[in-house]
Amino acid sequence: MTSSILPNPERPPRHEFAATEHLAVEAVVAYVDNELSPMATTRADAHLVLCTRCSEEVVNQVRARSLLRGGAQMSAPPSLLGQLSQIPTREIDVRRAGRSNRRSR
């Protein structure tokens, strides 16, 4: 007898949280920004009613969002701005770069 619990290889994996799991940081941010799907929002709402920890995370995210959007002037030291300007703006295919390094050895 075969098990009917095996994953269906034709169905992509779900990237939503289970009702019994805590919300990931990304889910909290998406929840506050109203970017979750309607089903995920309903599940998050149900979880937040029962979970003080996640509710506090949502409150903290709302506060952080308000502070950032509040227009407070933010500044960074020139040395940090210089370092940030040196970050490449194009993405690097790490897998391809790793293969070319192996060939040159």
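Annotations for the structure displayed:
- If the condition is being over 19 Å from Leu36 (Cα atoms) and either among the basic types (Lys, Arg) or at pLDDT 85 or above (or both), then the range 65-79 contributes Ser66, Arg69, Pro77, Pro78, Ser79.
- Just so you know, in the range 1-57 the residues that are part of a loop (DSSP other than H, G, I, E, B) and among the polar types (S, T, N, Q) include one that is modelled with the lowest pLDDT, and it is Ser3.
- Residues of the range 46-62 satisfying the condition of being under 18 Å from the mean Cα position of the chain (by Cα), open to solvent by 60 Å² or more (accessible area, probe 1.4 Å) and free of Cβ contacts under 8 Å to residues at least 24 places away in the same chain: Glu56, Val59, Asn60
- All positions within the range 23-44 that are loosely packed, with under 14 Cβ neighbours inside 10 Å and over 20 Å from Ala64 (Cα atoms): Ser37, Pro38, Met39, Thr42
The values are calculated or read from the model by the stated rules, or taken from the named source; none is laboratory data. Owing to the predicted nature of the structure, the values given are computational and were not obtained by experimental measurement. We place every Cβ from the backbone using ideal geometry, glycine too, and count neighbours over all the protein chains shown. Just so you know, the surface numbers come from the protein's heavy atoms only, side chains and all, with ligands and any DNA or RNA stripped out. Shrake-Rupley method; radii C 1.70, N 1.55, O 1.52, S 1.80 Å.
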